[in-house]
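Below you'll find the structure, written out as structure tokens, and then a few comments.
The values are calculated or read from the model by the stated rules, or taken from the named source; none is laboratory data. This structure is a prediction, so every number in the text was calculated from the model and none was measured. Neighbour counts run over all protein chains shown; Cβ positions are idealised from the backbone, glycine included. All accessible areas refer to the heavy atoms of the entire protein, side chains included, with ligands and DNA or RNA removed. Shrake-Rupley method; radii C 1.70, N 1.55, O 1.52, S 1.80 Å.
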Amino acid sequence: MIEVSHLYKRYHGPFGGDWVLNDISFTIPRNVSVGIVGRNGAGKSTLLRLIGGMDTPDRGSVTRHCRVSWPIGLGGGFQGSMTGRQNVKFVARIHGGNDRIPDLIEKVQDFAEIGKAFDQPVKTYSSGMRSRLAFGLSLAFNFDVYLSDEATAVGDVAFKKKATQAFRDRVGQASIIMVSHQEGMLKDLCQAGILLQEGQALWFDDIKDAINQYHESLGK
Amino acid sequence: MTEATSRNPWQVTAHVWHALFLREAMARVTADRIAWFWLLAEPIAHVLLLVGVRTMIGRVRIIPGAEFIPWLVVGVTSFILFRNQMTKGMHAISANRALFAYRQVHPADTVLVRSGLEGTLSSIVMIILVCVFTLLGQDIIPVDPMKVMGFWVLIWLFGMGTGLISSVLVTVLPESQKFLSMIMLPLYFLSGVMIPIQYFPHGIREYLMYNPLVHAIEFVRSGFFEGYRMVDGVSVLYLGYWVVGALLLGLLLQVRFKSRLMSE
């Protein structure tokens with residue numbers, strides 16, 4: 001269960017900044033996967049970063065009653081100068097899995113299928129390879145909730161299938177909170193939806209309603 | 001499969017430091033093809049070069065209670081211990097920015113770990129230099145090893161504190177980086193590393209004694225050489241104030257600016 005209460009966030013530019021998130025509250029129950037939709041700049045990634053504890057809110061709080069992954073996405077999580085293997089080892093160590101490194105590496109390699117590139121610096125990877133590695137790495141750990149920020153957007157068909165299958169296998173044990181513009185993927189993986197607009201969050205028990213409302217708000 | 005629930009905050013920190021230490025060490029050793037060699041050779045070459053220059057200029061000045069070359073070696077190595085932590089610690093946060101995606105990793109961790117690594121390297125360099133110069137027939141075996149180690153650790157902690165402060169400064173005020181690298185050279189000359197403080201006129205010496213590095217380096221030297229006459233006015237308490245002050249201020253700044261350090 002993740003409780004978000006009265007969350008405020010803004011970014012300070014040289015001329016101040018408007019609230020990106022303005023008094024947002026909701027509770028995500030256990031084992032419910034949620035898709036976050038909204039237009040570019042609505043604060044989707046910001047919300048995900050706050051849920052993941054990567055950033056601090058200006059006001060309000062996020063309470064995590066379960067193990068939450070780091071936000072998996074295009075925007076980082078890997079040190080470019082380190083190889084895939086070194087990055088995996090690093091993440092394993094900070095999560096206290098030092099003695100299970102060989103096992104974890106095998107799992108990640110299995111999922112990512114990037115071959116020899118695993119021993120090349122991550123900065124040489126294509127965005128698809130990065131997201132394969134990122135997804136494989138987070139799935140190697142037993143989190144209750146996985147956070148995905150457009151992590152599947154750049155993957156090929158095989159990878160999307162694999163990611164979807166991985167989450168189907170974990171229904172009942174783990175859930176996902178995902179930011180995505182791929183509606184097929186959202187409908188496949190999520191039950192509930194959150195629509196972000198003008199700093200406010202609207203909760204929908206059905207992801208389809210959230211997507212429909214999103215389309216309406218765009219004036220389609 | 002890895003469970004991540006049953007760890008207390010101390011264990012998490014220990015795991016993060018372990019992971020960061022290995023990552024930093026790996027980065028230092030594999031930076032380029034001869035990085036592993038340069039790691040120890042650079043400070044050693046630095047010391048040897050200075051010794052060479054000073055011997056060639058001739059006019060080796062008399063140091064009360066110590067031979068000139070060992071005196072210089074001890075001073076330069078102690079200064080390098082401080083300098084490397086400050087200059088390398090300054091960039092610890094920007095070099096590890098991608099890793100803040102994991103909420104276990106705090107900006108202060110990267111500075112502290114880098115400081116630990118740099119200090120370890122400097123200590124190894126010091127031991128190597130002591131061995132080398134002993135084999136060359138110089139009298140550089142410390143007479144009071146405990147005293148040397150104690151003040152060595154104080155310089156180490158002082159470097160850690162300044163690293164914590166400077167890493168916040170260069171992130172919050174990027175302009176300060178130029179200033180910080182600029183003061184390193186004058187600091188070299190004003191810390192009594194190459195020129196004994198005694199050779200400065202009394203009026204100037206009074207102000208030079210405000211520099212805590214003067215105190216620290218003099219104490220390290222007095223642990224090395226029997227009968228070494230330290231500059232008048234050195235004080236353990238004064239040095240201690242600076243060390244504790246730098247560490248506290250550094251940690252405070254790290255807490256205060258944490259979110260800015262992570263996002264910029």
Near pairs, Cβ below 8 angstrom, 6+ apart or cross-chain, from region A:197-220 (among the basic types (Lys, Arg)) to any residue that is outside any strand (DSSP E or B): A:Lys208/A:Lys187
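Just for strands (runs of 3 or more DSSP E) wholly inside region A:24-113: which have at least 1 residues that are touching a strand residue (DSSP E or B) at 6+ places or on another chain (Cβ under 8 Å), closer than 22 Å to A:Leu189 by Cβ and within 7 Å of chain B (Cβ to nearest Cβ)? Steps first, answer last, please.
Working: elements: A:34-37, A:59-64, A:68-73.
In region A:24-113, A:68-73 are the strands (runs of 3 or more DSSP E) which contain 1 or more residues that are touching a strand residue (DSSP E or B) at 6+ places or on another chain (Cβ under 8 Å), closer than 22 Å to A:Leu189 by Cβ and within 7 Å of chain B (Cβ to nearest Cβ).
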Number of positions in region B:48-78 that are under 15 Å from B:Ser122 (Cα atoms) and touching a Leu at 6+ places or on another chain (Cβ under 7 Å): 3
Residue under evaluation B:Arg114, criteria (1) within 30 Å of A:Asn142 (Cα to Cα); (2) open to solvent by less than 70 Å² (accessible area, probe 1.4 Å); (3) part of a helix (DSSP H, G or I), criterion not met: (1)
Qualifying residue in region B:210-223 (condition: more than 20 Å from the chain's Cα centre (by Cα), without any contact (Cβ under 8 Å) to a residue 60 or more places away in the chain, under 29 Å from B:Val111 (Cα atoms) and exposed (fewer than 12 other Cβ atoms within 10 Å of the Cβ)): no
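Report yes if B:Leu237 is assigned to a helix (DSSP H, G or I) and more than 19 Å from the chain's Cα centre (by Cα), otherwise no. It would help to see each step written out before you state the result.
Numbers: assigned to a helix (DSSP H, G or I): yes; more than 19 Å from the chain's Cα centre (by Cα): yes.
For B:Leu237, the condition - assigned to a helix (DSSP H, G or I) and more than 19 Å from the chain's Cα centre (by Cα) - is met.
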Residue in region B:22-40 that is within 30 Å of B:Met230 (Cα to Cα) and away from every other protein chain (no Cβ under 14 Å) present: yes
Residue satisfying all of: in region B:7-35; over 15 Å from B:Ala95 (Cβ atoms) and in contact (Cβ under 8 Å) with a residue 12 or more places away in the chain; least open to solvent (accessible area, probe 1.4 Å) among these: B:Val16
Selection count where residues are more than 8 Å from every other protein chain (Cβ to nearest Cβ), more than 19 Å from the chain's Cα centre (by Cα) and open to solvent by 10 Å² or more (accessible area, probe 1.4 Å), scope region B:98-111: 1
From A:Pro102, A:Pro29, A:Pro57, A:Pro71, residue being without any contact (Cβ under 8 Å) to a residue 40 or more places away in the chain and either within 18 Å of the chain's Cα centre (by Cα) or open to solvent by less than 50 Å² (accessible area, probe 1.4 Å) (or both): A:Pro29
Set A:Tyr214, A:Tyr146: member being over 30 Å from B:Ala98 (Cβ atoms) and either assigned to a helix (DSSP H, G or I) or in contact with a Ser or Thr (Cβ under 8 Å, 6 or more places away or on another chain) (or both): A:Tyr214
Residue in region B:47-67 that is on the phi < 0 side of the Ramachandran plot, away from chain A (no Cβ under 14 Å), under 19 Å from the mean Cα position of the chain (by Cα) and not hydrophobic (A, V, I, L, M, F, W, C) present: no
Lone unmet requirement of (1) in contact (Cβ under 8 Å) with a residue 60 or more places away in the chain; (2) open to solvent by 10 Å² or more (accessible area, probe 1.4 Å); (3) in contact with a helix residue (DSSP H, G or I) (Cβ under 6 Å, 6 or more places away or on another chain) for B:Gly245: (3)
Some residue of region B:69-92 being in contact with a Gly (Cβ under 8 Å, 6 or more places away or on another chain), in a helix (DSSP H, G or I) and within 14 Å of chain A (Cβ to nearest Cβ): yes
Unmet requirement for B:Ser259, which otherwise passes all of (1) open to solvent by less than 60 Å² (accessible area, probe 1.4 Å); (2) more than 14 Å from every other protein chain (Cβ to nearest Cβ); (3) of a type in the set (S, T, N, Q): (2)
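Among B:Leu180, B:Leu121, B:Leu129, B:Leu185, which is under 30 Å from A:Thr56 (Cα atoms), in a helix (DSSP H, G or I) and of a type outside the set (S, T, N, Q)? Before the answer, list the steps.
Numbers: B:Leu121 fails: under 30 Å from A:Thr56 (Cα atoms); B:Leu129 fails: under 30 Å from A:Thr56 (Cα atoms); B:Leu185 fails: under 30 Å from A:Thr56 (Cα atoms).
The match here is B:Leu180.
Here's the yes/no breakdown for (1) over 30 Å from B:Ile93 (Cβ atoms); (2) open to solvent by 80 Å² or more (accessible area, probe 1.4 Å); (3) free of Cβ contacts under 8 Å to residues at least 12 places away in the same chain:
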site	(1), (2), (3)
B:Leu157	no, no, no
B:Gly161	no, no, no
B:Val170	no, no, no
B:Ser176	no, no, yes
B:Ser181	no, no, no
B:His202	yes, yes, yes
B:Gly227	yes, no, no
Index of the failed condition, A:Lys161 passing every other in (1) open to solvent by less than 50 Å² (accessible area, probe 1.4 Å); (2) more than 23 Å from A:Thr27 (Cα to Cα): (1)
Residue within region A:124-144 that is at pLDDT 85 or above, open to solvent by less than 30 Å² (accessible area, probe 1.4 Å), of a type outside the set (Val, Ile, Thr) and over 18 Å from the mean Cα position of the chain (by Cα) present: yes
Test for A:Thr152: is it modelled with pLDDT under 85, under 30 Å from A:Ile101 (Cα atoms), away from every other protein chain (no Cβ under 14 Å) and touching an Asp or Glu at 6+ places or on another chain (Cβ under 6 Å): no
